[in-house]
Amino acid sequence: MSVDVHKSYIDKHLIPEILSKLDNEELVSYKTEHSSGLDGFMSALYNIQLKTKSKEGEIDRLLIAKFMRGDVEFRESSKSYVQFANEIFIYSDVLPQYEKLLNDLKITTLKITELAPSCYKAAFGYIEGLSSSPKDEEAALVLENLKPLGYGMGPRLILDRDHLLAMCKPVAKHHAFSYALRALNNNQLERLKSGLNVLKFIPLSPEEAKGHLYTIIYRLGFDRFYEYFDRIIDTNTFDKKCAKDLKLIENLRRLKEKYFEQPTKLLEKLRVQVEETEEDRKFAAILHGDYNRNNVLFKYNAEGNVEDVKMIDFQEVRYGSPVLDLSFFMYFNSSAESRYELWPVLLQTYHSYMYETLEMLLKASGKSQQEIEDVLSHYTFEKFQRHFARFAFYGVIICFHFLPWMLCSEEECSELSELFANDFTGERFRKLSIEAGGDEVNFQILAAVRHASEMGYMDDL
């Protein structure tokens, strides 16, 4: 889909539709600008400056429009159709259901816009002016651009304590809504769950496996890491007189033996494992799915400290363990040096936000104190910690593939992004995926594995 098609759709269809939803506002002017950058791997993004006027005067809005990128072949192989359909569902159904719950419970101290930007349009399927035929599926998502309010991307690399703690807040509240719906209106939770396209990590057939996105990228991730591991196994990187290092080596060998041929089997195991026990099923929630620093927006105060965080980019939304969100951002965005100190603080901070939000929703529902305590008993910190340990290695596996993208140079990342969009099955993409960032990146992946091994997260893989 070309820039010209997108801009024509914005001019002829999108702007008039947005105006029709604004109360007694007339168009003054608008300007559209194509946005490019390292974070638009799957999407074509456009900034829209919209100026209207009402009786009170002129109103300036900055919006961001998001469309699917690439041709049909790329969209199918990269699962764009599934991912965009799911993201649209979050904005068209899931977040509005959360808002309805708040309204029904007459809660005014929490707004859905605390979690994500305001949405002006969320559509998937045939879209007039965008689809070339009735069978041509497109996606159009228009959100408030929060830049004028002081929001922006955080550091490109590792996040500090303040950023990491701030990231706990919106995702904890997001998960709490699933738990509240389970207790108050389970039919609605089941409806939302069934409305999501299941995003499996494993291909459904040998034919699909040939161009299967997850198969390819995690194959490259494991190839890269174990080539490094084999090179350093007999160096002083490991202290073979140390019990922790011996356990790490044994865990890595066992991981290779069980999952090297098909790394995505481990990801799929962690995706579905939440259904295996009653305790884990209670923690299952509608996730963000791709929760890391480049899928949130930070707001800073005058002193440069993090004041707020909002979630964006729900393309990999899944229903599963909340640890799939947590372990991703905790491993992916923390440094090897700070990880041991920060880990208990992050877990406690997340749990406090989740538990307090759930308790607030339950109390507003009119349930008895005993009924509230019965629900909350499923979500104690002790039970949460046990649940976390069973799923936490998920974030490490994501690091195998994705950490090189974020720790390599911006030039390498830009090329990876371009190759991902145009030729992710090609030799150049493979070579760069394995080499980008060099051994400095490999060492950081090893540091994440080392931490997981020492925390016991690899014991039951």
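The values are calculated or read from the model by the stated rules, or taken from the named source; none is laboratory data. Remember, predicted model here, so these are calculated numbers, not experimental data. So basically every Cβ, Gly included, is an ideal-geometry build from the backbone, and we count neighbours across all protein chains shown. When the accessible area is computed, the model is the full protein with side chains, heavy atoms only, and any ligands, DNA or RNA have been set aside. Shrake-Rupley method; radii C 1.70, N 1.55, O 1.52, S 1.80 Å.
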Looking at segment 385-406, is at least one residue closer than 23 Å to ASP223 by Cα, among the charged types (D, E, K, R) and either without any contact (Cβ under 8 Å) to a residue 40 or more places away in the chain or surrounded by 14 or more Cβ atoms within 10 Å (Cβ to Cβ) (or both)?
-> no
Since LEU141 meets every condition but one in (1) open to solvent by less than 20 Å² (accessible area, probe 1.4 Å); (2) farther than 22 Å from GLY289 by Cα, which condition does it not meet?
-> (2)
Counting just the residues of segment 58-75 that are open to solvent by 10 Å² or more (accessible area, probe 1.4 Å) and at pLDDT 90 or above, which one comes out farthest from MET42 (Cα to Cα)?
-> GLU58
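Run down SER433, SER368 and say which single residue is under 20 Å from LEU267 (Cα atoms) and among the small types (Gly, Ala, Ser). Explain how you work it out, then say what you get.
Values: SER368 fails: under 20 Å from LEU267 (Cα atoms).
Among SER433, SER368, only SER433 is under 20 Å from LEU267 (Cα atoms) and among the small types (Gly, Ala, Ser).
Can you name the residue in segment 297-313 that is in contact with a Gly (Cβ under 7 Å, 6 or more places away or on another chain) and at pLDDT 95 or above and, of all such residues, is least open to solvent (accessible area, probe 1.4 Å)?
Taking the candidates together, the pick is PHE298.
Tally up the residues in segment 268-291 that are farther than 22 Å from ALA180 by Cα and surrounded by 22 or more Cβ atoms within 10 Å (Cβ to Cβ), please. Steps first, answer last, please.
Keep residues of segment 268-291 that are farther than 22 Å from ALA180 by Cα, which gives 268-270, 290.
Keeping just the survivors that are surrounded by 22 or more Cβ atoms within 10 Å (Cβ to Cβ) gives 270, 290.
Summing the residues that are farther than 22 Å from ALA180 by Cα and surrounded by 22 or more Cβ atoms within 10 Å (Cβ to Cβ) in segment 268-291 gives 2.
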Subset of segment 174-227 [open to solvent by less than 30 Å² (accessible area, probe 1.4 Å) and of a type in the set (Lys, Arg)] = ARG224
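Would you confirm whether or not segment 3-23 contains a residue that is on the phi > 0 side of the Ramachandran plot, open to solvent by 20 Å² or more (accessible area, probe 1.4 Å) and of a type outside the set (Ser, Thr, Tyr)? Before the answer, list the steps.
So the first thing to find is which residues in segment 3-23 are on the phi > 0 side of the Ramachandran plot, and the list is none.
Checked against the condition, which is being on the phi > 0 side of the Ramachandran plot, open to solvent by 20 Å² or more (accessible area, probe 1.4 Å) and of a type outside the set (Ser, Thr, Tyr), segment 3-23 yields no hits at all.
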Scan (1) at negative phi; (2) in contact with a helix residue (DSSP H, G or I) (Cβ under 6 Å, 6 or more places away or on another chain) for the single condition VAL72 breaks and write down its number.
-> (2)
Determine whether segment 413-420 contains at least one residue that is open to solvent by 10 Å² or more (accessible area, probe 1.4 Å), of a type in the set (D, E, K, R) and modelled with pLDDT of 95 or more.
-> no
Top-ranked residue of segment 335-367 - restricted to ones that are open to solvent by less than 40 Å² (accessible area, probe 1.4 Å) and modelled with pLDDT under 95, ranked as farthest from ASP104 (Cα to Cα) = ALA336
When restricted to LEU143, LEU102, the only residue in contact with a Cys (Cβ under 7 Å, 6 or more places away or on another chain) and more than 30 Å from ARG339 (Cβ to Cβ) is LEU143
Can you tell me which residues in segment 252-263 are open to solvent by 10 Å² or more (accessible area, probe 1.4 Å) and either under 17 Å from GLY456 (Cα atoms) or part of a helix (DSSP H, G or I) (or both)?
-> ARG253, ARG254, LYS256, GLU257, LYS258, TYR259
Report whether or not SER335 is small (Gly, Ala, Ser), out of contact with any Ser or Thr (no Cβ under 8 Å at 6 or more places or on another chain), within 24 Å of TYR350 (Cβ to Cβ) and part of a helix (DSSP H, G or I).
-> no
Pairs returned, first residue in segment 322-348 that is farther than 20 Å from LEU287 by Cβ, second residue that is open to solvent by 10 Å² or more (accessible area, probe 1.4 Å) and not in a helix (DSSP H, G or I), beta-carbon separation under 7 angstrom, 6 or more apart or interchain, are SER335/ILE158
